[in-house]
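Asks: Below you'll find the structure I mean.
The values are calculated or read from the model by the stated rules, or taken from the named source; none is laboratory data. Please read these numbers as outputs of a predicted model, since none were measured by experiment. Ideal geometry is used to build each Cβ from the backbone, glycine not excepted, and the neighbour counts take in all protein chains shown. To get the accessible areas, we keep the full protein, side chains included, count just its heavy atoms, and leave off ligands, DNA and RNA. Shrake-Rupley method; radii C 1.70, N 1.55, O 1.52, S 1.80 Å.
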Amino acid sequence: MKRAMAAVLLVLLTLLVHSNAEEEAFDVRHHLSTVSRYGVVKGIADSSFVPSKIPNGCTPIHLNLVARHGTRSPTKKRIKELDNLATHLEVLLREAEEQNLSLEKLPGWLKGWKSPWKGKLKGGELIIQGEDELYDLGIRTRARFPNLFNDDYHPDVYAIKATQVPRASASAVAFGMGLFSGKGSLGPGRHRAFAVISESRASDTKLRFHDCCQNYKAFKKSQEPAVDKLKEPVYDEITSALRRRYRLNFTRQDTTSLWFLCKQEASLLNIVDQACALLSPSEVSLLEWTDDLEAFILKGYGKSINYRMGVPLLEDVVQSMEQAIKAEEEKHAPGSYEKARLRFAHAETVIPFSCLLGLFLDGSEFEKIQREQALPHPPKPPQKRNWRGHTVAPFGGNNMLVLYSCPANTSNKHFVRVLHNEHPIPMPGCDGTDFCPLDVFKERIVAPHLKHDYNSMCDVKLEQQEQKPVASKLSQLFPWMFSLGNGDKSSLDEL
């Protein structure tokens, strides 16, 4: 009997130690979905994936970058939400005191708490940490691809583009300062001036396609209530737990605001022992999942229009590669052709672009989106999922598409390598490799999307009309398909 009791106690002690170790290892900053700081999560990658070995003699000749802005402050609307939270917390505490409820478990910081952003009249701007993220990314990019960035700066050689939103253009400036540091004559850092080009918000179909696509905006507005319904059970469960734990009459809105506060404190201020500490690791994981679920449905693979509206950006990327190949074949002089096209935008840009490339899918899922079939939602914790906001589009998150030129004795002359957050990432459309022959990349990944014309897809008035012919568009990007003459046209028919 004594031995049995001892064995039970030993098992319980082991479980307790294991549980405590798990909680100590839990870093809430790795669970903030798209509010994650780039420096905290950029090292997170699929450890099971083995990157391709670049063949000898293959050299990068062009780089496309699509990056999200760096860490920013809360927007004006969210600042007001936190002020409302502070007001309601005062009411809850006063009610508890009037009812003589025991508040022993209540953290001291909650009493008299005020938002760190109280009194701020503006918001949403790039903060210092966000500047550092993009500045450092610029330095690392030049160090990684020295042959691409060894020419003197010219806006036609290194094109830098950003949306008209200040945090995006400020991110472009920070990146450019890092990229060209030491190459100019301005100040002790020998910086140099460079151009950042922006399109009007009303017509920027390459970087703010989500703002220009009327059908997408209507879809998003129609789906938001349904997404809220999917999230409600999680928020209700956690709200009830918070009430029991701290003896305060929290509402669902309080839980929403406390989760937002947790993300802002942890990401922007490196404070993890206040709002985040109110929640258990399992509760944080559930709230993170609701954020990931929302991004999946409204910005990602949840509906094909979410990413198909990004076709103008995908076309721009491929056209820049074709121009680089033409410059190489015609032996243009150094400094006379583009070597990098660098874009700075938003999560609403990076997420759809990642989906156009088929990232974060397995082979069967990629085949489904090619057939425009719906994908299941990301599974709820504790089940594992590929779709994680902190990986897909953290602050400063980015995709780099590097065009390589290889010797004549290799199987193909040109290859594309995709780096997500600076890590090689598998492309299901290229048989799970990160180093894909350009022709295969265009045929399997790009071409199926080009059936969809942006205006026909996005303009309410054109929605019911027959789509515009895409043959002329395809012929520009895939001339090899149209050299088949009257022979076998199966490649074109399958587009």
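Asks: How big is the dipole moment of the chain about its Cα centre under a simple scheme where the beta carbon of each Lys and Arg is +1, that of each Asp and Glu is -1, and everything else is neutral? Debye, nearest 20, please.
Replies: Using Cβ point charges on Lys, Arg, Asp and Glu, the chain gives about 780 debye.
Asks: Which of the helices in the chain, when you take each full DSSP H run, stretch at least 20 Å along the axis at their Cα atoms and have an average Kyte-Doolittle score of 0.5 or higher?
Replies: Answer set is 2-25.
Asks: Can I ask one more? Only bridges with both residues in the chain count here: give the DSSP antiparallel percent, nearest 5.
Replies: 65
Asks: How big is the Rg/Rh ratio for the stretch 74-123, C-alpha atoms only, Rh by Kirkwood, two decimals?
Replies: Taking Rh as the inverse mean 1/r over Cα pairs, Rg/Rh reads 1.09.
Asks: Give me the extension gain from GLN164 to ASP439: residue separation times 0.36 nm, minus the current Cα-Cα distance, reported in nm with one decimal.
Replies: 95.6 nm
Asks: What is the packing order of peptides 152-158, 284-290, taking the mean over residues of other C-beta atoms within 10 Å and listing the highest first?
Replies: Taking the mean over residues of other Cβ atoms within 10 Å, the ranking is 284-290, 152-158.
Asks: Here's something else I'd like to know. Per residue, how much accessible area does the chain have with a 1.4 Å probe, in Å²?
Replies: 48
Asks: Using a 10 Å cut-off on Cβ atoms, rank the peptides 394-407, 314-327 from the highest mean neighbour count down.
Replies: 394-407, 314-327
Asks: To the nearest 500 deg cm²/dmol, what mean residue ellipticity at 222 nm is calculated for the chain from DSSP H runs of n ≥ 4 alone, each contributing -39,500 (n - 2.57), summed and divided by the residues?
Replies: That comes out to -13500 deg cm²/dmol.
Asks: Quick one: with all protein chains in place, what share of the accessible area of the stretch 355-428 is carbon or sulfur, to the nearest percent (1.4 Å probe)?
Replies: In the stretch 355-428, the share of accessible area belonging to carbon and sulfur is 50 percent.
Asks: What is the Cα centroid distance between the stretch 275-352 and the stretch 218-246, reported in whole angstrom?
Replies: Between the Cα centre of the stretch 275-352 and that of the stretch 218-246, the gap is 27 Å.
Asks: Still on this model: Carbon and sulfur atoms: what percent of the 1.4 Å accessible area of the stretch 74-123 do they account for?
Replies: 49
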